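The values are calculated or read from the model by the stated rules, or taken from the named source; none is laboratory data. Because the structure is a prediction, the values reported are computed rather than measured. Cβ sites come from the backbone with ideal geometry, for glycine too, and all protein chains shown count toward neighbours. Protein only, heavy atoms only, side chains kept; ligands, DNA and RNA dropped before computing areas. Shrake-Rupley method; radii C 1.70, N 1.55, O 1.52, S 1.80 Å.
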Amino acid sequence: MTIFHKGLTASGKNLDGSSLRILIVRTRWNDKVVEALVQGAKDTMVNQYHVAPQNIVMQSVPGAYELPFAAQRLIQQSQQRSSNLIANVSEGVHNLMDDLMAESSEKAAAEAVQSPNPAAGSAKSNGPFDAVICIGVLIKGSTMHFEYICEAVTQGITRVGLDTGVPVIFGVLACLDDQQALERAGLGTNPNSKGHNHGEDWGAAAVEMALLKL
Ligand code: DLZ
């Protein structure tokens, strides 16, 4: 008997993810389960929150231990690219204004300001990430490896989010056996219930956190 709703309750907000750029960093360890989780996250962002498929950027890494490093490096690269682009566009506008003023053609200057700069249109596809989802599956073995990696990944992902100011969603399952992992990716073998795909919750969390404001 269910006494309360376990799991994620909807935010109740009408969240529009159509302007968001999301990075998914996923492992190649435990690929079958990870792939299902990635698909769950993507489907939710696209179908429920209108995130444009071309604004979901994918990056794979070997294992869960690599997730925090990759997330941090790719966030920094996207921020750097975006500030370079802004600097180039503003320098271009400056130079254009100087040229126009030198010709002392006020009409031409006004027209140039109104027409969009072609370089500015590409800003979204190269813009900084609004949120990152780190997806991996750790399965306990017979050594202490599982405990060490779980600890490092959890601390690492938390730190990347706080240090960069970009929300980083913790999409890492820490499972005691294969069956637990399959069930949490909607791939369970029970004919009555294949289990809930947690990737769907991570997609929703990424959109909500990317749009977080008072
Ligand atoms: C080494 C290892 C082990 C034993 N188990 C997993 C696992 O269950 N899930 C996973 O994503 N990665 C595992 N790895 C690989 C480490 O995360 C990492 O890729 C290597 O230690 C290299 O740094």
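Could you please state how large a percent of the accessible area of the chain is carbon and sulfur, counting protein chains only and using a 1.4 Å probe? Provide the component values of the computation, followed by the final result.
On the way: 7120 of 12940 Å².
That fraction is 55 percent.
Can you tell me which of 46-59, 159-172, 12-25 comes out highest on packing, and rank the rest after it, using the mean Cβ neighbours within 10 Å?
My ranking of the peptides, most packed first, is 159-172, 12-25, 46-59.
Evaluate the charge dipole of the chain about its Cα centre and quote only its size in Debye, nearest 20, assuming +1 on the Cβ of each Lys and Arg and -1 on the Cβ of each Asp and Glu. Intermediate results must be reported in sequence, preceding the final value.
Details: 16 positive and 21 negative charges, 116 e Å.
Charge dipole, the chain, about its Cα centre: 560 debye, nearest 20.
Tell me, in nm to one decimal, what length is gained between residue 147 and residue 189 on full extension, where the rule is 0.36 nm per residue of separation less the Cα-Cα distance?
12.5 nm
Once the Cα atoms of helix 67-102 and of the chain are each reduced to a long axis, what angle between those two axes, in degrees from 0 to 90 to the nearest 10, is obtained?
10
Quote the relative contact order of the chain in percent (integer), defining contacts as alpha-carbon pairs under 8 Å separated by 6+ residues.
The value is 30 percent.
If you stretched the chain out fully between residue 6 and residue 163, how much longer would it get, using 0.36 nm times the residue separation minus the C-alpha to C-alpha distance?
Answer, rounded to one decimal: 53.4 nm.
How large is ³J(HN,Hα), in whole Hz, for each residue of segment 143-160 in order, when computed from phi with the Karplus curve 6.51 cos²θ - 1.76 cosθ + 1.60 and θ = phi - 60°, using x for Gly and Pro?
10, 7, 3, 3, 4, 5, 5, 3, 4, 5, 5, 4, 4, x, 5, 4, 5, 4
Quick one: Karplus J couplings for segment 186-199, per residue in order, coefficients 6.51, -1.76, 1.60, θ = phi - 60°, nearest Hz, x for Gly and Pro?
x, 10, x, 9, 5, x, 7, 8, 7, x, 9, 7, 5, x
How would segment 154-214 be classified by its alpha-carbon gyration tensor: rounded, prolate or oblate, with rounded meaning a/c under 1.5 and the a/b versus b/c comparison settling the rest?
Verdict is oblate for segment 154-214.
Rounded to the nearest 10 Å², what accessible area does residue 90 have for a 1.4 Å probe in the complete protein model?
Residue 90 has an accessible surface of roughly 60 Å² with all protein chains in place.
How large is the helix-only mean residue ellipticity at 222 nm for the chain, computed as the sum of -39500 (n - 2.57) over DSSP H runs with n ≥ 4, divided by its residue count, in deg cm²/dmol to the nearest 500?
-16500 deg cm²/dmol
Which value, in Å² and to the nearest 10, is the accessible area of residue 145 when all protein chains are kept and the probe is 1.4 Å?
120
Using protein chains only and a probe of 1.4 angstrom, how many square angstrom of residue 31 are accessible, to the nearest 10?
Accessible surface of residue 31 is approximately 80 Å².
Over all directions, average the projected area of the Cα convex hull of segment 1-82 and note it in nm².
7.8
Can you pull the Kirkwood radius for the chain, inverse mean 1/r over Cα pairs, to one decimal in Å?
On the way: mean 1/r = 0.0515 Å⁻¹.
This gives a value of 19.4 Å.
Accessible area per residue for the chain in Å², computed with a 1.4 Å probe and the full protein assembly in place, what is it?
Spelled out: the 1.4 Å probe surface of the chain, per residue, equals 60 Å².
Just to confirm a number: summing +1 for Lys and Arg and -1 for Asp and Glu over residues other than residue 41 whose beta-carbon lies under 15 angstrom from that of residue 41, what do you get?
Working: positive: 21, 26, 42, 184; negative: 35, 43, 130, 200, 201, 208.
The answer is -2.
Given H placed on each backbone N at 1.01 Å, which residues far from residue 170 in sequence or on other chains put an amide H within less than 5 Å of it?
Distant-sequence amide H within range of residue 170: zero hits.
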